[in-house]
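Here is the structure we will look at.
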Amino acid sequence: MKQKNIHTSQYFNLEGSTIYVSGPLNIYNSSGFLHDAETFFRSNPGTGFSLNLSGVTRLDSAGALALHSLQKTAQQHNITLNIEDTTEEISNKLELFRPVENKTVAPGKKEPLFYRLGDSAVHIFNEYIVTFFYLVSDILFWSVKDVFNSKQRRRGEFLNQAVSIGVNALPIVASMAFIIGLVLALQSSSQLRNFGANIYIVDLTVIAMMAEMGPLITAILVAGRSGSAIAAEIATMKVTSELDALKTMGLNPLRFVVIPKIYGSLITLPFLTILASISGIAGGALAAYLYLDITPEIFFNRMPEALYQKDILTGLIKSIVFALIIVVTGAFFGFKVEEGAEGVGRSTTSSVVAAITLVIIADSILGLMFY
Amino acid sequence: MKENKIIEINHLKVTFDDREVLKDVSFTITQGDVTVILGGSGSGKSTILKHILGLFPVEAGVVNLLDQDIATLKEKDELDFYLKLGVFYQNGALLNSLTVGDNVALPLEQHTDLPPQLIEEMVRTKLNLVNLEDAYYLYPSQLSGGMLKRAALARAIILDPPVLFCDEPGAGLDPVSLAALDELILKLRDQLGMTVVMVTHEVSSILRIADKILFVEDGVIGFDGTLEEARKSPLPSLKDFFTVGTGGKKG
Ligand SMILES: Nc1ncnc2c1ncn2[C@@H]1O[C@H](COP(=O)(O)OP(=O)(O)O)[C@@H](O)[C@H]1O
Ligand SMILES: [Mg+2]
């Protein structure tokens, strides 16, 4: 059904083949203007119009671009639209704010799926695995070489790191281990009681804490506390060009920043681990006393029989490996930071997730090796 | 033509921790002028700008911008007020998590209902005005210092504000970009009637664009007048700016 409908609108007025545009055109109403224009041209078909702008009171860049866009759309529909009767001010603005040709292309998204998959596999291999092993070998090299050469470190830095990574973590590590030891013993106690094997709570707690839970709890807590701090520190230094500054002052950033952290953690983590194990055993002893009527005296008399040298050694070896993992992943993600403040945040998160994952993987491998 | 006062400051005093940075600052800025605030580093130029913008509470004196006493600006009027101002911060202050295009588009997306295509066209047009069209998809961290400044300027003028504040927009720009920037400022003044308040040390730029000069020295306005008057001023410290800045010999 055809309907002759002379559209009256806020902005347009048709007289003959001249469209009179009136009102202000700015960022707040250009959207409405374009909308209006569409309805207007739909209800007033034609092939050629003049656009009279004498009634336009205020024009800003949005209005100017809306007019350009109107002209372009009209052209696409084979309608010629000649702008006439503009003040100098308005034609100046139309000239100043004209649409620019889009020369830039949005990055990415165009390549075929398999190409991208292959590409990202190579990318991950180069970016992560290769650089990670370079970093590990560098760190190992310098940590051995620098043991007796403190020139490349700031004096007292090693001690600072030992305190901040190890000593300061003591309260949280000890209390967490205590709670886990207690809960572990508690959960097992009812089963053991069913078999009348109450006394084996000692073996269970001691072995689990020494070889497994002590090192693991310590490593996870230290990764959360210090691994993230290491990543954030190095990432911030990189973003603010501090690492470049070190380099141009003749200081190797790795030796200056990372190696003291390696020493600090290698020295303190074994102690921290042993303390965690002892604290966990104490928690187990408390549970044994409360739920299985095993007095602390009986518990500690039984302990030597449950305490194998091998388990202690396993725990210590694990703690050393974990210490390396935590510092190296922290440093790795710190050095890998992308520019900007939120790059630092991303690096920090990645470093904690990666460190905990690697710690658990290493724990199972070592657990199998020393089984 | 009626001389409209856009900014009026009376007896502004600013102390930071007992350190008197501005002792007694008074001046007015007229609509449609490019006013350059000049002064040594640390003399308090940025501090003046920040007080005009209401970024610091006014402790003593009166600051009037667009007939609004900054001290009595109500929270519900803040948006309308700030939409009339374009501000270029000394270090760019672009959001690092957004591309340059998105940074410049941000005020439009937040405050208008323009269709996305028109927004993109406006952003590209403004980026083109600062000669930065190619940076549309780049992130701020991928730009050089001079490009960052230009991107920040594009963001400052995206809403065609009647008043534009610039804190050292020219620092770190090459001479060609600097001249292009000056030309743009003049276009904004002449074709949009924009009032521009600018802190800059670039003498070449000052000679090209300044209508008025305010010279800050020892916590007061040491000189207030037109560019011509400033060049003829006998004030030694102001004279130095022009002679040293243009490479001329000091007598
Ligand atoms: N937020 C602040 N807190 C304390 N002192 C400041 C603060 N901002 C600026 N100042 C001091 O005020 C003085 C003027 O600074 P500023 O206005 O930035 O100088 P410039 O003229 O170089 O822009 C400087 O001595 C600076 O140390
Ligand atoms: Mg400043």
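Read the figures in this text as sums done on the coordinates, not as results from a lab. Model, not experiment: these values are computed from the prediction. Neighbour counts are summed over all protein chains in view; Cβ atoms, including those assigned to glycine, are modelled from backbone coordinates with ideal geometry.
Think of it as helices only: each DSSP H run of n ≥ 4 in chain B is worth -39500 (n - 2.57), and spread over all residues that comes to -11000 deg cm²/dmol at 222 nm.
Using a 10 Å cut-off around each Cβ of peptide A:100-106, what is the average number of partner chain Cβ atoms that fall inside?
5
Look at where the Cα atoms of the range A:220-285 and of the range B:88-157 average out, and the two centres are 40 Å apart.
Across peptide B:139-146, how many C-beta atoms of other chains are within 10 Å of each residue C-beta, on average?
Numbers: counts 3, 2, 6, 2, 0, 0, 0, 0.
Whole-number average of other-chain Cβ neighbours for B:139-146 is 2.
Could you order the peptides A:361-370, B:190-199 from most to least packed, using the average number of other C-beta atoms within 10 Å per residue?
On the way: A:361-370: 13.2, B:190-199: 20.2.
Ranking, from highest mean packing down: B:190-199, A:361-370.
Anything over 31 Å Cα to Cα? Flag those among B:K45/B:K76; A:K238/B:K74; A:K93/B:K13; A:K238/A:K310; A:K103/B:K212, in the order listed. Over 31 Å Cα-Cα: A:K238/B:K74; A:K93/B:K13; A:K238/A:K310; A:K103/B:K212. Taking the Cβ-Cβ separation of A:E101 and B:N131 as r and a Förster radius of 22 Å, what is the calculated FRET efficiency to the nearest 0.05? Working from the Cβ atoms, E equals 0.95.
Close amide-amide hydrogen proximity is noted between B:F223 and B:F215, each under 5 Å apart and 5 or more residues distant or on a separate chain (H modeled in the peptide plane; Pro and chain starts excluded).
Note on the range A:12-96: Cα-Cα pairs beyond 18 Å make up 35% of the total pair count.
Multiplying the residue separation of A:V353 and A:L290 by 0.36 nm and removing their Cα-Cα distance gives an extension gain of 19.0 nm. Fully extending the segment from A:K247 to A:I317, taken as 0.36 nm per residue of separation minus the present Cα-Cα distance, adds 21.8 nm. Distance between the 7 Å Cα→Cβ label points at A:M303 and B:D80: 7.6 nm. Working from label points 7 Å from Cα in the Cα-to-Cβ sense, the B:D24 to A:E84 distance is 6.4 nm.
By DSSP, what percent of the beta bridges with both residues in the protein assembly as shown are antiparallel, rounded to the nearest 5? Mind dumping the intermediate values first?
Details: 25 of 54 bridges.
Here the antiparallel bridges make up roughly 45 percent for the protein assembly as shown.
Rg and Dmax, both from the Cα atoms of the protein assembly as shown and both in Å, are 35.0, 110.
The range A:305-340 and the range A:23-91 have Cα centres spaced 68 Å apart.
Where only DSSP H runs of four or more residues are counted, chain A gives -21000 deg cm²/dmol as its mean residue ellipticity at 222 nm, each run worth -39500 (n - 2.57). Modelled label positions at A:N149 and A:A197, each set 7 Å beyond Cα in the direction of Cβ, lie 5.6 nm from each other. For chain B, the antiparallel share of DSSP beta bridges with both residues in that region comes to about 55%.
Under 13 Å from a point placed 7 Å out from the Cα of A:F141 along the Cα-to-Cβ direction: which residues of the range A:214-256 have their backbone N that close? Only A:254-255 fall inside the zone, counting backbone N under 13 Å.
Average the reciprocal distances over every distinct pair of alpha-carbons in chain A, invert the result, and give the Kirkwood radius in Å. Present the calculation step by step, with values, prior to reporting the outcome.
On the way: mean 1/r = 0.0371 Å⁻¹.
Across chain A, the inverse of the average 1/r is 27.0 Å.
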